[in-house]
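Let me begin by presenting the structure, written as structure tokens, before commenting on it.
Bear in mind these aren't lab numbers, they're just calculated from the coordinates by the rules spelled out. This structure is a prediction, so every number in the text was calculated from the model and none was measured. Reconstructed Cβ throughout: ideal geometry from the backbone, glycine too, with neighbour counts over all protein chains shown.
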Number of protein chains: 2
Amino acid sequence: MNLKELATKLGLSPTTVSRALNGYPEVNETTRERVVAAAKRHNYHQNTRAIRLATGRAMAVGHVIPIATRHEIVNPVFADFIAGAGETYSRNDYDMVLSVVPDEDEEATYRGLKSKGNVDGVIVHAPRMNDPRIALLREIGLPFVVHGRATGTADPYCWLDVNNRRAFQRATEFLLDLGHTRIALVNGLEFMDFAIRRRTGYVDALTARGITPDPTLMASDEMTEIAGFRAATAMLALPQPPTAFLASSMISGMGVRRAVESAGRVLGRDVSVIIHDDDLSYMKNGEDVPIFTATRSSVREAGRLAAEMLLDVIAHPDAGPQQRLLEAELIIGQSTGPAPRN
Amino acid sequence: MNLKELATKLGLSPTTVSRALNGYPEVNETTRERVVAAAKRHNYHQNTRAIRLATGRAMAVGHVIPIATRHEIVNPVFADFIAGAGETYSRNDYDMVLSVVPDEDEEATYRGLKSKGNVDGVIVHAPRMNDPRIALLREIGLPFVVHGRATGTADPYCWLDVNNRRAFQRATEFLLDLGHTRIALVNGLEFMDFAIRRRTGYVDALTARGITPDPTLMASDEMTEIAGFRAATAMLALPQPPTAFLASSMISGMGVRRAVESAGRVLGRDVSVIIHDDDLSYMKNGEDVPIFTATRSSVREAGRLAAEMLLDVIAHPDAGPQQRLLEAELIIGQSTGPAPRN
DNA sequence: GAATCGCTTCAAACCGCTTTGGATGTTTGA
DNA sequence: TCAAACATCCAAAGCGGTTTGAAGCGATTC
């Protein structure tokens, strides 16, 4: 059943039927009701492929996921972000198309997406310093929103980010207020923009209190349980071990917790831990009472908002670049306490 | 730059240019080379939207992700599966479109995908017993492949699954061989098909050795760290605690491990643990030596294979339903050992 | 030398919708 | 009362490709 058939059946022209279904004003309300009823009755749905060709719009948004060397992106955070963004797209009748490509093909993929007309815009994930994708997308004229920011990029662009610097600064201050002075940072890979900002927040908070950051208390690695465990184990074996940790994620925090416990210390009493909690749907930080004290910011909500921003950019290409900074909340759990006296 | 313009520039008809680019035989090789060169030179790419309309094929595959009540699916396993499937699609110039919808809209989404022509086929995730989606998809005539199986479905359909029953049976036997007799199962939610099969394998192995399965040693819950921790903690507090655990995933295994350690027992000596390891890219079970003894099966590889199967089904709709059962390997790590003597 | 054939190429129809530019009949306003 | 304005509806031309049916043409066959 296509438009023409439906029109014939109704004794109307395709034009009128199309207009009736798309809510155009130049059609009699009685007629519109007839058309809508008939469409429902015959289970007629407009063919997406035809609409896309006729309107010149893809009604789709792309997410490019590079794999192989930089496999960091296929991570739990990504899944929740996608889920959030997907909700927005569904509500707005947009398709979400994911391209999983070897990272050396990333540029070609973006160019292809544009020239073949598969999508109307893209979300850029996991930006690094001076991320080349921003200039690329601007050059080829594909609307985009960055999830995060790319330090070093001169011209303004659309982004949505969590205030990572502030979050880690506050977390550090919170630990300082509890009397901790040897505070460790178990960070993500520091070519990622968010990791750089978190370190900055941590360092700023320390120096503001006259504490010189100690390089032996700063680790940077993938955000896995094992990496967290290793880094924390090594630090706890130092002559002057830290009394508190900042961990970059729930998972690395679990590694830190294991290190603390296998070192025979008690979490929240001997050693305090604060994690960053992305509020993942399948990895809750406790239920009533949070297990970990955490800087929390829902990555799923970020996905929803970033997608909304992108749809807005697509609808209004000439409006200036939008930017939005979300604040993380500091929630108190059971993993922090006053610094132990020595 | 579109086909017509390119054709004019070359002094050829659109027909010939189209055929040259698509590798049809009825075009002179010299001409083809001219065309291909010109296309590259003018950076011409065929417009996907036009191709889709003209050919009647969507060149896209759908993955429907229901959310809300059954949020279980937005999980880490899903992300890796998607990544694997995405690799296959990219290689074959197919798009992967994800629909994230409230689960009460799931049926409508599948119908829409079909009648609006957005996709040529779909992958069905996380099947339950008597999963209604299979009958639905057959009814509307949308090609599909199920990742997993749906016990209770009469007619044959396409699926790709891991032999969950056998995997858990072997794992249980392995523990029995080590002398364990009180073996606990920390399972996923048992309305999921894979969880049912795993329990069957576990129960079968026990009964085959004359051991009556003990209901107090079987838990079924979401596969989270906390759930694993809770279930294991409760069991370890029993008058006759288990000396070994089977955990349904890496994450719940981490919860079990924590329970073991906080009960003051040593993993691999006092208490043995076997997990099912989906070989997730960002959650490796150790590096050289696996931390956990595990039944391992790469879900990413499953994604690749399921996608290949689906593309094959789309290309040959009349071939019978394909089915493929993957075996998990049993890998020995550091979390298992002989049953302690009492 | 006419008929046939294979190799190339093309014109035109088509995919299923949107949208422009009327056409038609009805009101409205002076 | 007549022109202008309005309310509805339609024919036809796209959108950018694919595909069918036919034609041009030199070579081969009889």
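Computed over the Cα atoms of region B:95-249, pair by distinct pair, the Kirkwood hydrodynamic radius stands at 17.5 angstrom. In terms of overall dimensions, the C-alpha atoms belonging to chain B reach 90, 43, 33 Å along their principal axes, ordered largest to smallest. Amide H contacts under 5 Å for residue B:244: B:184, B:272, restricted to partners 5 or more places along the chain or on a different chain, H placed in the peptide plane at 1.01 Å from N.
Under a point-charge model restricted to the Cβ atoms of Lys and Arg (+1) and Asp and Glu (-1), what is the dipole moment magnitude of region A:63-222 relative to its Cα centre, in debye to the nearest 20? Can you show the working numbers first?
Details: 17 positive and 23 negative charges, 96 e Å.
Approximately 460 debye in magnitude.
Exposure here means at most 11 other Cβ atoms within 10 Å; with GluC sites (Glu not before Pro) in a DSSP loop as sites, the longest stretch of chain B lacking them is B:27-286. Label separation (residue A:177 vs residue A:151): 2.6 nm, computed from points 7 Å beyond Cα along the C-beta direction. Mean per-residue shielding of peptide B:51-64 is 3, counting Cβ atoms of other chains within 10 Å of each Cβ. For region B:1-102, the alpha-carbon coordinates run over 60, 23, 22 Å along the three principal axes, in decreasing order.
Size estimate for the protein assembly as shown follows the Kirkwood approach: the inverse of mean 1/r over distinct Cα pairs works out to 27.5 Å. Count Lys and Arg as plus one, Asp and Glu as minus one, and take only other residues whose Cβ is under 12 Å from that of residue B:81; the net charge is then -3.
Residues in region B:173-184 carry Karplus couplings, in order, of 4, 4, 5, 4, 4, 7, x, 6, 10, 9, 10, 9 Hz; the curve used is 6.51 cos²θ - 1.76 cosθ + 1.60 with θ = phi - 60°, and Gly or Pro positions show x.
Based on DSSP, what percent of beta bridges with both residues in the protein assembly as shown are antiparallel, to the nearest 5?
Working: 11 of 83 bridges.
Bridges in the protein assembly as shown that DSSP calls antiparallel: roughly 15 percent.
Cα centroid separation, region A:9-32 to region B:10-37: 43 Å. Averaging Cα coordinates gives a centre for region A:127-145 and one for region A:276-290; these two points are 33 Å apart.
Spherically averaged projected area of the convex hull of Cα atoms, region B:217-342: 9.6 nm². Looking at region B:187-342 alone, DSSP beta bridges between its own residues are antiparallel in about 25 percent of cases.
Hey, which of these cross-link pairs are over 30 Å Cα-Cα: A:4/A:116; B:114/B:284; B:9/B:114; B:40/B:116? Intermediate values should be presented prior to the final figure.
Details: A:4/A:116 28 Å; B:114/B:284 38 Å; B:9/B:114 39 Å; B:40/B:116 33 Å.
Over 30 Å Cα-Cα: B:114/B:284; B:9/B:114; B:40/B:116.
Positive contributions from Lys and Arg (+1) and negative ones from Asp and Glu (-1), summed over other residues with Cβ under 15 Å from the Cβ of residue B:260, come out at +4.
Relative to the dominant Cα principal axis of chain A, helix A:299-315 is inclined by about 40°. Between the beta carbons of residue A:211 and residue A:34, assuming R0 = 60 Å, the FRET efficiency works out to 0.20 to the nearest 0.05. In this simple spin-label approximation, residue A:138 and residue A:301 carry label points 7 Å from Cα along the Cα→Cβ vector, and these lie 3.1 nm apart.
Other residues whose C-beta falls under 12 angstrom from the C-beta of residue A:26 contribute a net charge of +1, scoring Lys and Arg +1 and Asp and Glu -1.
Return the calculated 222 nm mean residue ellipticity for chain A, to the nearest 500 deg cm²/dmol, obtained by summing -39500 (n - 2.57) across DSSP H runs with n ≥ 4 and dividing by the residue count.
Dividing the helical sum by the residues of chain A leaves -13000 deg cm²/dmol.
Sorting A:191, B:78, A:168 from the fewest to the most surrounding beta carbons within 10 angstrom yields A:191, B:78, A:168.
Of all DSSP beta bridges located in chain B, what percent are antiparallel, nearest 5?
Values: 4 of 40 bridges.
That works out to approximately 10 percent antiparallel.
Between the helical axis of A:250-262 and the longest alpha-carbon principal axis of chain A there is an angle of about 20 degrees. Between the Cα long axis of helix A:106-115 and the first principal axis of chain A there is an angle of about 20°, rounded to the nearest 10.
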